[in-house]
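The values are calculated or read from the model by the stated rules, or taken from the named source; none is laboratory data. Predicted model, so just to flag it, every value in this text is computed and none were measured. When we count neighbours, we look across all protein chains shown, and the Cβ atoms used for this are built from the backbone with ideal geometry, even at glycine. Only protein heavy atoms, including side chains, enter the accessible area calculation; ligands, DNA and RNA are left aside. Shrake-Rupley method; radii C 1.70, N 1.55, O 1.52, S 1.80 Å.
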Amino acid sequence: MAEHVAEHAAYPVGLRLSGRRVVVLGAGQVAQRRLPALIAAGADVLLISPSATPSVEAMADTGEIRWERRRYQPGDLADAWYALISTDDPEANAAASQEAEDRRVWCVRSDDAEAATAWTPATGHSEGVTVAVLTGRDPRRSAAVRDAIVEGLRDGSIAAPHHRTRAKGVALVGGGPGDPDLITVRGRRLLAEADVVIADRLGPRDLLAELPPHVEVIDAAKIPYGRFMAQEAINNALIEHAKAGKAVVRLKGGDPFVFGRGMEEAQALAEAGIPCTVVPGISSTISVPGAAGIPVTHRGVAHEFTVVSGHVAPDDERSLVDWPSLAKLRGTLVVLMGVENSAAIAAKLIEHGRPADTPAAVIQEGTTAAQRRVDATLATLGETVRAEGVRPPAVIVIGDVVGLAAPDTAK
């Protein structure tokens, strides 16, 4: 049998083990790695081993597997469909392997792959696709090929669109703070599968250049809206393309629900009966300060951080922010869309008790190649923004954490 396996390529097949008996001999590191997949497949797993690793023991304690605390005995493979032999006893392994041969049970051996009747491929999963790779005697190469394929499916660099089951509708995708590498894996995959992408100005533009030529890319800022408000026009465009049977991605900067009006779009789609998927994104509220070397919290310095929108001035009757209360907090204050009103915001915070010498920083175009950090105090914030010519998009960070950044972390 060993010569036969060595001379011929393995025949790949997917075993459907749900409810079927699988016997695992040995409960060391090999079994610890293989058991989760067998459990996920719904197999009726019988583990035979006098001892087990803590992780394997936990699987038995929770009832995911049955564990008989003893050594292998002839007859243990009766009625089994599949066996995994991974004990540290060569004689027991050989005997169990022979029993598997006699009973015609497919058998994997961790100590002698050539003596086995089955090999375990390097496997990975991505959105309903199982990738299994066999390269004979080179398991590291199998794992490397597996990783490359799965990563390609996840990030969209390997185009494998659905043909039978692709769901039509709209995906509200958070593109992250600007660096195209900071979009989520799921967001990148949905972009690769889209027919239409309606993108914001602050979305990661470099991602759009990677889209296939057939994908229609629409700049949300340039959608004609006539008697409609701009947001209404965007909602209508989403609905129109989705009703035409297209897979639509609404690509937004940061996270769709953090000052992104994503909920308005989700509500409009729901009212129109359009399926909607929300893909969270990395918000600039945390990522941009982090990229500039500023932690929004730090032990002994700040135990909370607050995120507010600064697009409406503090004294504007439309403002929903309780600036006097914010001034009394000791933690970090992160202000988005506040460049234009930075002087008024700083003045209001000082007026209600925040010390004028509180450190502040403004990070423009964070996480991109054009990232720039400008430091000030609360008292000098407005003047510094003006003098340095800071322009949106920019994130303002106010609090003692600003002073913690190492000099070489800011760009």
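Condition first: outside any strand (DSSP E or B) and crowded, with 16+ Cβ neighbours inside 10 Å. Now tell me which residues in segment 373-388 satisfy that.
Within segment 373-388, Leu378, Ala379, Thr380, Leu381, Gly382, Thr384, Val385 qualify.
Quick one: which of Glu210, Glu265 is among the acidic types (Asp, Glu), within 28 Å of Asp181 (Cα to Cα) and open to solvent by 30 Å² or more (accessible area, probe 1.4 Å)?
When all the criteria are applied, what remains is Glu210.
In the list Gly293, Gly245, which residue meets the criterion of being on the phi > 0 side of the Ramachandran plot, in contact (Cβ under 8 Å) with a residue 24 or more places away in the chain, touching a helix residue (DSSP H, G or I) at 6+ places or on another chain (Cβ under 9 Å) and open to solvent by less than 60 Å² (accessible area, probe 1.4 Å)?
That would be Gly293, the only listed residue that is on the phi > 0 side of the Ramachandran plot, in contact (Cβ under 8 Å) with a residue 24 or more places away in the chain, touching a helix residue (DSSP H, G or I) at 6+ places or on another chain (Cβ under 9 Å) and open to solvent by less than 60 Å² (accessible area, probe 1.4 Å).
Pairs please, first residue from segment 71-90 and open to solvent by less than 30 Å² (accessible area, probe 1.4 Å), second anywhere and part of a loop (DSSP other than H, G, I, E, B) and hydroxyl-bearing (Ser, Thr, Tyr), Cβ atoms under 6 Å, 6+ apart in sequence or on different chains.
Partner pairs satisfying both residue conditions: Ser86/Ser110.
Can Arg164 be described as surrounded by fewer than 18 Cβ atoms within 10 Å (Cβ to Cβ), outside any strand (DSSP E or B) and modelled with pLDDT of 80 or more?
Considered against the rule, which asks whether it is surrounded by fewer than 18 Cβ atoms within 10 Å (Cβ to Cβ), outside any strand (DSSP E or B) and modelled with pLDDT of 80 or more, Arg164 comes out as no.
Is at least one residue of segment 26-33 at pLDDT below 95, assigned to a loop (DSSP other than H, G, I, E, B) and over 35 Å from the mean Cα position of the chain (by Cα)?
no
Taking the condition of being part of a loop (DSSP other than H, G, I, E, B) and either surrounded by 14 or more Cβ atoms within 10 Å (Cβ to Cβ) or hydroxyl-bearing (Ser, Thr, Tyr) (or both), how many residues in segment 389-407 meet it?
Looking only at that region, the number is 5.
In the list Arg104, Arg141, which residue meets the criterion of being under 18 Å from Leu17 (Cβ atoms) and among the charged types (D, E, K, R)?
Within the list Arg104, Arg141, the selection yields Arg104.
Residues that are open to solvent by 20 Å² or more (accessible area, probe 1.4 Å), assigned to a strand (DSSP E or B) and free of Cβ contacts under 8 Å to residues at least 60 places away in the same chain: does segment 219-226 have at least one?
yes
I need a count of the residues in segment 337-372 that are open to solvent by less than 50 Å² (accessible area, probe 1.4 Å), out of contact with any strand residue (DSSP E or B) (no Cβ under 9 Å at 6 or more places or on another chain) and modelled with pLDDT of 95 or more.
The qualifying residues number 2.
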